[in-house]
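Student: Before I ask anything, here is the structure I am working with.
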Amino acid sequence: QVQLVESGGGLVQAGGSLRLSCAASGIIISIYDMGWYRQAPGKQREMVASITRLGSTNYADSVKGRFTISRDNAKNTVYLQMDSLKPEDTAVYYCYAERSFRNYWGQGTQVTVSS
């Protein structure tokens with residue numbers, strides 16, 4: 001059974017930082033492309049950041065220069081370092097794993113940024 005478990009969300013003031021973690025079980029993430037999406041109330045889910053199994057990264061324009069995605073294959077975990085947080089970053093953040101048209105999703109972790 002595949003599980004992606006996110007952690008690290010919470011309430012933070014604008015300008016602050018959070019580090020999200022996504023711990024995977026049931027798959028070996030080294031052969032998966034990984035990433036993070038987010039969904040704010042009343043909005044569609046949007047891609048935040050992704051990292052291929054070879055380590056190439058991609059970011060949404062809205063988070064470039066503020067967020068950093070990384071992976072630790074030995075720990076089977078993906079991270080999202082979020083700095084200079086803004087109120088508009090408030091959302092539920094979801095981790096995903098993708099390979100060969102098969103994808104898996106976590107349950108999400110809430111991030112709330114107060115102004």
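The values are calculated or read from the model by the stated rules, or taken from the named source; none is laboratory data. No experiment lies behind these values; they were computed from the predicted model shown. Glycine gets a Cβ as well: all are built from the backbone with ideal geometry, and neighbour counts include every protein chain shown.
Student: Filter region 55-99 down to residues that are outside any loop (DSSP other than H, G, I, E, B) and under 21 Å from residue 30 (Cα atoms), then give me how many there are.
Tutor: Going through region 55-99 one residue at a time, the tally reaches 19.
Student: Is there a residue in region 34-47 that is outside any strand (DSSP E or B), touching a residue at least 12 places away in the same chain (Cβ under 8 Å) and surrounded by 12 or more Cβ atoms within 10 Å (Cβ to Cβ)?
Tutor: Yes: region 34-47 contains one or more residues that are outside any strand (DSSP E or B), touching a residue at least 12 places away in the same chain (Cβ under 8 Å) and surrounded by 12 or more Cβ atoms within 10 Å (Cβ to Cβ).
Student: Taking residue 103, is it touching a helix residue (DSSP H, G or I) at 6+ places or on another chain (Cβ under 6 Å) and not hydrophobic (A, V, I, L, M, F, W, C)?
Tutor: No; evaluated as a whole, the condition is false for this residue.
Student: Can you find a residue that is under 16 Å from residue 108 (Cβ atoms) and at pLDDT 95 or above anywhere in region 49-60?
Tutor: The answer is yes; a qualifying residue exists.
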